[in-house]
Each structure stands twice: as structure tokens, then as C-alpha cells.
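The values are calculated or read from the model by the stated rules, or taken from the named source; none is laboratory data. These figures come from a predicted structure and were not determined experimentally. Cβ placement follows ideal geometry from the backbone for every residue including glycine, while neighbour counts extend to all protein chains displayed.
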Amino acid sequence: MATPTDPHVIHGGMSPDRSHIVNVLPPVADTWEAKLAALTERSANLKTNFIVVPDRGAMASAVRDLVDAEVATKVAYQRHPLVTPNAETVCDFCYCVDDGFDKAVLEQCEIGISTCFAVVAQTGSIAVTSHSTAGRALTVLPPHHIVLATADLVVPHLPAMWAKFAASPDRQGSMLSLISGPSRTGDIERILVLGAHGPKKLTLILEQPS
């Protein structure tokens, strides 16, 4: 039971002490090496396809390889400096969702490509907002969601992500979602089924620091 002196309880409108939260999972130092190691392990556990590339050229090649491997003919994407050049050249039908979209058309796209707000190393989660992905639908409707990110978007743990969010001037729009691996369910006979309520594949392509 919480007591009046419990540091984790809000009193008089003051923010609680959340420093204990980082200890729920193994701590992650705020270095590239530590974050990369944690993110690699968590991505494997979550069945996220995690690809680290040295530069933008390698990122473009990785996107093209994924599209070719699935023989995808329709790709949806957001208008973003990291995404646009990697989406508009991979197939004949590239559907930009920034200026509105037809749900029926978006559902026909085999792959959706976006960036993100942050990548949380400790949990392997990808934080997306309505601003960072041009809305919610791009991350939900296509069966394969590809996220392109740079090293500066990787934070060590959730408190660091919330601090980044709190410091964002426009709070990143109307939606914040944490994506931890592809959509899944184990409700039926405890059999894991991917793609239950969203993409059955999640790929994170991360450009390492120069």
C-alpha cells in the first residue's frame, strides 16, 4: 500500500519519481554500443527484423532487397527526407499518405514505409506519433511495416523516450504508440499467430552513427 512518503505517488500535483522504472528490465547505458546490444537482443525476442546499415546508400539497398524479396508491387509511404527517396524508386506504385488516403488503396499496399519518433533500446519498442508517421493507418494497414531510423533516434529506455516526448514542442500530434514487434495473438490454444490486428512483419532499418 502506498504511503504519504512513497516517492512513486503523486502528491499535490507534483510529478512522481520514476527512476525505479528503468530497473524493471536490465539497465541500458546511454552509449551506442549498449543501446545496439540491447536493441539487437530485444528485436530477436520480439521477432522484429532488425537491420543495421552503415549509410543511406546501404539503407536504400536494404529497402529494395525487402521489396524485391516479397515481389511487392504497391508500397505506401510518408513524405520524409529519410523515407521518400527510399520508397519512390522501389516499385511502380508508390502511395503517399501525407495528403489523405483511400483506405481501400492503402490496404492493397503490401509494404508501408515510415520513420518514427524514437526507438527504445531497453524494450525493443518503436515509438511512433501521428506526426512522425503521417497518421496511424500507415503503421497498421500494410502487412509489412518498414521503419527507417537514424542513430540519434535511439534512446536507452522508456523514461528517456518520455523525456524526449515532453520536450517536443507540438507533442507530435494526436497519437503516440509503442510498437513492440509485429502484431500478434496467442489467444487460441496458446499458439502464436502474427498479423492478428496489424502488420505480420516489422522491419527496423537503423543507420549507425558516422
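Brief remarks follow.
- Each residue in region 71-126 was checked for being more than 18 Å from the chain's Cα centre (by Cα) and of a type in the set (Gly, Ala, Ser), and 3 of them qualify.
- Of all residues in region 191-209, those satisfying the criterion of being at pLDDT below 60 and of a type in the set (A, V, I, L, M) are ILE191, LEU192, VAL193, LEU194, ALA196.
- Taken together, the residues in region 78-97 that are assigned to a loop (DSSP other than H, G, I, E, B) and either in contact with a strand residue (DSSP E or B) (Cβ under 9 Å, 6 or more places away or on another chain) or of a type in the set (Lys, Arg) (or both) amount to 10.
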